[in-house]
Amino acid sequence: MDKISINYNPDYIKMPPPWWKRREVLIFVGAIILVGFITFKLGLAYNTIVVDNSDKEPWWKRAANVLPFVNGKVPEPTPDLNPLPEKESERLDILMLGIRGEGDLANGGLLTDSIQVLSINKSDKTVSIISLPRDLYIKVGDFEGKLNEVYERGLAKGDTFNYTKETISRLTGIYIDKMAVLDFEGFLGIIDKVGGIDVTLEKEFKETQQWGYEFYLPEGENHLEAQEALYYVRSRYSTNDFDRSRRQQQVLLATKDKVLSIGTLLNPIKLSGIISEFKDNLRTDISILNIGDMIDLLKSMSESLPETYVISTENLLDQIVDDGVYKLLPKDGNYEGIKQTFETILTKK
């Protein structure tokens, strides 16, 4: 009789899973947990509702009012208190920032030392310059901190132009179209290339502490070389940030006048030097590096006397010291006063 050979391999035999891993058991346990959870929630709802509406409607209807997944109610989203404003077709609003530069990171080289909004009305060619203080403490969007930190925070996010423009737009209530950032090296270079600037002082200016010696300018007309101009716009120890903002506006306009002077426009060497400084030390999202666009922009500023305004403790802000940190806060507790000021100045309402 032939022998029957049977190949036996224990790996081929599939053992049933332990009882606690079987699908039926898992489904049963899950159902118990779900029912228990719903019962617990309904119990809490009942206890709460009995206190408030003891005799008004059955408990299961009251429970539906507490559990949004039962009655279909969805909590309303928190309203945006500072929405992004709409773009104005008749205006060009440019955010202009001044920084020390990447070469001085140890001393806050990416914190903005100057924050100015330049607005050009395309219809009547009027120009306005509004200064925002760097110590203004804000909570706008996902940003909380001093205004001079916004640009640096945007760099860390990898999208500083959009981030900075959006934050300032929400703060001011006007849509920032473009942005330009000039470092101190570029500032010195431009003033040097145009041969210095001329400013008229209503009273003498003196800074005795900041530069290691007394920096002094007499009342009346003054011609400033590059380093003197930088000292003039940065000095704040003997005065304050608001006075410094006014001086920054004054120097901005004086520089514009010098760039547009015949002696500069007809001098190819000066023009080439200015453009070189812009390329090396100016970061912008507008085509201002094109000489034609740059001159057209500056000419628009020359067709009328610009209106200047400095937001300060004299009008919209209070100053405090919070845990040793100097801060400026809106007097009204929100940014409506700032927004109204921008609207009044830029729309002439």
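What follows is calculated from the coordinates using simple rules that are stated; it is not laboratory data. Since the model is a prediction, treat every value here as computed from it, not as a measurement. Here the Cβ positions follow ideal geometry from the backbone for every residue, glycine too, while neighbour counts run over all protein chains shown.
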- Query: Rounded to the nearest 0.05, what FRET efficiency is calculated for Asn162 and Glu225 with R0 set to 30 Å and r the Cβ-Cβ distance?
  - Reply: 0.20
- Item | Label-to-label distance, nm, for residues given as Asp257 and Asp322 (7 Å Cα→Cβ offset) | 4.0 nm
- Task: Any chance you could run the full-extension gain for Tyr216 through Lys331? It's 0.36 nm times the residue separation minus the Cα-Cα distance, nm to one decimal.
- Result: 37.9 nm
- Note on the structure: Once both label points are put 7 Å beyond Cα along the C-beta direction, the Glu86-Leu201 separation in nm becomes 4.8 nm
- Message: Could you tell me the relative contact order of segment 91-347? Use alpha-carbon pairs under 8 Å, at least six residues apart, and round to a whole percent.
- Response: 23 percent
- Calc'd 3J(HN,Hα), segment 307-312, phi into Karplus 6.51 cos²θ - 1.76 cosθ + 1.60 (θ = phi - 60°), Hz, glycine/Pro = x, comes to 8, 10, 8, 10, 6, 8
- Once both labels are modelled 7 Å past Cα along the beta-carbon direction, what's the Asn315-Asp142 spacing in nm? 3.3 nm
